[in-house]
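Asks: Here it is, the structure, as structure tokens.
Read-outs: derived from the displayed coordinates by stated rules, not from any lab. Remember, predicted model here, so these are calculated numbers, not experimental data. Don't worry about glycine lacking a Cβ; one is built from the backbone with ideal geometry, like all the others, and counts go over all protein chains shown.
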């Protein structure tokens, strides 16, 4: 099968060919014709399989075929919502790349940068708008953009938007859209909560699922190295130097942990940079560019900041700390093994994280190979300790003795009940959640009853 057989026009095919692509991936082969037919779509595919092109290509085709020639400012006809700045930038780049020979205008808006240039761009009129929810609502509030003529809505990484608590912002955005429109939900993981959202939002959607739910690419070799918590940094340095790794993406649970590990790696003679929600957009962009160019060997990231990182031929991903949410593991290791390339995902696991590892293996329905490296054998006398995820959240048992806080801790791996306190924003958005910043307390907004507009 070729892209030409999917009904795409010559200008789009020319742009695709210039990027070196000739054959659509499974998600693209199914999604492109389905989107062109005009119905609602619920699509899930492993990260790195080309799902972004699965909706950008047919979207460009549809809008170009029905281009409006009326005088005045161009209305926003397609809205693509993403949970993070990096993912928004990546999607926008795809729109711009594949649509460069079409008379369509597009732009991207997100928090963390000045709003004024974004307002100026929107005043000129755009056909396609890629946005994070918080910044989009800021612009709407300032009358910088109207969504009254949106024909197609795309929710990319919809599961993450639910997980980050964006459901309320999404509902606000939906209230601003026309009732008659095409809705596309694309995601790397495909949870029951996504299906619940789809039931409320989509009208008789086409269901596209090209791989078993919540699985990683078979091209990614997964391995666990058991190690004591205080020797993780030593083992990581050993792996990078012994294997002569020139490019490795490393995940930590917290922003503070990312900063600390970056400093430690630099002390060990390994060039590194951190990327997380507290970094300015300029710093995040520079760190990512330096990593792609090979100026630095290690990029240390938190889960939210890493969404949207798309690096060709990235050979190594390391879970320095396992995520407390199993689905995040699938997203993390999906940064490697992309576009039919081979990849390696290594997890450094201490006794505190045994429950996290079991939850991950249960989700992906397979046991991950374990290998104890000589010289780094775990001490069997070390007991598990609670895991601090942030200022307001601790996970783990009080294993007898020590401080017994009056606040009861949940069992290891359990999620605490959310308290009635708002999350602190970064000043770039008037919405409850900040674009691309992971909440310190993990609530479950997706479990609430979802009532979203009219179909």
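Asks: Going by the alpha-carbon gyration tensor, a ≥ b ≥ c the square roots of its eigenvalues, is the stretch 1-92 rounded (a/c under 1.5) or, if a/c is not under 1.5, prolate (a/b greater than b/c) versus oblate? Don't jump to the answer; show the numbers that get you there.
Replies: On the way: a/c = 1.58, a/b = 1.20, b/c = 1.31.
Cα axes put the stretch 1-92 in the oblate bin.
Asks: While we're here: Mean separation of Cα pairs under 8 Å and 6+ residues apart, divided by the residue count of the stretch 220-387: what relative contact order is that in percent?
Replies: Taking the mean separation of contacting Cα pairs over the length of the stretch 220-387, I get 34 percent.
Asks: With just the Cα atoms of the stretch 4-209, tell me how far they stretch along each of the three principal axes, in Å, largest first.
Replies: 43, 41, 31
Asks: Sort 274-284, 26-36, 126-136, 358-368 for me by packing, meaning the mean count of neighbouring Cβ atoms within 10 Å per residue, highest on top. Intermediate values should be presented prior to the final figure.
Replies: On the way: 274-284: 18.9, 26-36: 21.1, 126-136: 26.3, 358-368: 15.6.
Final packing ranking: 126-136, 26-36, 274-284, 358-368.
Asks: Something else now. Using only the Cα atoms of the stretch 221-358, build the gyration tensor, take square roots of its eigenvalues as a ≥ b ≥ c, and label the shape rounded, prolate or oblate: rounded if a/c is under 1.5, else prolate if a/b is larger than b/c, else oblate.
Replies: On the way: a/c = 1.27, a/b = 1.19, b/c = 1.06.
Rounded is the answer for the stretch 221-358, as its axis ratio a/c remains below 1.5.
Asks: Shape call for the stretch 34-135 from the C-alpha gyration tensor, a ≥ b ≥ c root eigenvalues: rounded (a/c under 1.5), prolate (a/b greater than b/c) or oblate?
Replies: Details: a/c = 1.94, a/b = 1.10, b/c = 1.77.
Since a/c reaches 1.5 but b/c is at least a/b, the shape of the stretch 34-135 is classed as oblate.
Asks: Sticking with this structure for a sec: If packing is taken as the average count of other Cβ atoms within 10 Å, what order do 231-241, 74-84, 92-102, 49-59 fall into, highest mean first? Don't jump to the answer; show the numbers that get you there.
Replies: On the way: 231-241: 18.0, 74-84: 23.6, 92-102: 19.5, 49-59: 25.5.
Descending mean neighbour count gives 49-59, 74-84, 92-102, 231-241.
Asks: Sticking with this one: Once each part is reduced to its C-alpha centroid, what is the distance from the stretch 9-37 to the stretch 220-250 in angstrom?
Replies: So the separation of the two Cα centres works out to 38 Å.
Asks: Normalised by the residues of the stretch 4-209, what does the relative contact order come to in percent, with Cα pairs under 8 Å and at least six apart?
Replies: 29
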